[in-house]
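Chemist: The structure follows.
Since every read-out is calculated from the coordinates, none of them should be taken as a lab result. Values in this document were obtained by computation on a predicted structure and should not be read as measured data. Neighbour counts are summed over all protein chains in view; Cβ atoms, including those assigned to glycine, are modelled from backbone coordinates with ideal geometry.
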């Protein structure tokens with residue numbers, strides 16, 4: 001509901017930023033959980049595995065926000 005009344009351009013830019021952040025979180029999680037696990041402490045490995053879940057979640061939420069922005073743009077035209 002935070003972006004319900006936002007302009008489609010602001011919603012689209014927020015969605016794009018969230019999608020980029022989701023991809024970066026996913027890549028960071030994969031690298032920490034599977035590539036550098038020998039060099040990390042147990043807490044960091046657990047956090048990296050959490051990022052493997054949170055990254056795609058942010059990506060999916062950003063994608064839905066992007067679809068909403070496109071829908072609002074088409075309805076305004």
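Chemist: Against the conditions (1) in a helix (DSSP H, G or I); (2) loosely packed, with under 15 Cβ neighbours inside 10 Å; (3) without any contact (Cβ under 8 Å) to a residue 60 or more places away in the chain, where does residue 66 fall short? Just the number, please.
Modeler: Unmet condition: (2).
Chemist: If I filter the range 30-44 for residues that are over 10 Å from the mean Cα position of the chain (by Cα), assigned to a helix (DSSP H, G or I) and within 20 Å of residue 8 (Cα to Cα), do I get at least one hit? Walk me through it before giving the result.
Modeler: Residues of the range 30-44 over 10 Å from the mean Cα position of the chain (by Cα): 30-44.
Pick out the ones that are also assigned to a helix (DSSP H, G or I) and you get 30-35, 37-39, 42-44.
After this cut, where a residue has to be within 20 Å of residue 8 (Cα to Cα) as well, the list is none.
Within the range 30-44 (the criterion being over 10 Å from the mean Cα position of the chain (by Cα), assigned to a helix (DSSP H, G or I) and within 20 Å of residue 8 (Cα to Cα)), the answer is no, since none of the residues qualifies.
Chemist: Any idea how many residues of the range 14-39 are surrounded by 15 or more Cβ atoms within 10 Å (Cβ to Cβ) and free of Cβ contacts under 8 Å to residues at least 12 places away in the same chain?
Modeler: Qualifying residue count for the region: 0.
Chemist: Of the conditions (1) surrounded by 14 or more Cβ atoms within 10 Å (Cβ to Cβ); (2) farther than 21 Å from residue 67 by Cβ, residue 11 clears all except one; give me its number.
Modeler: Failed condition: (2).
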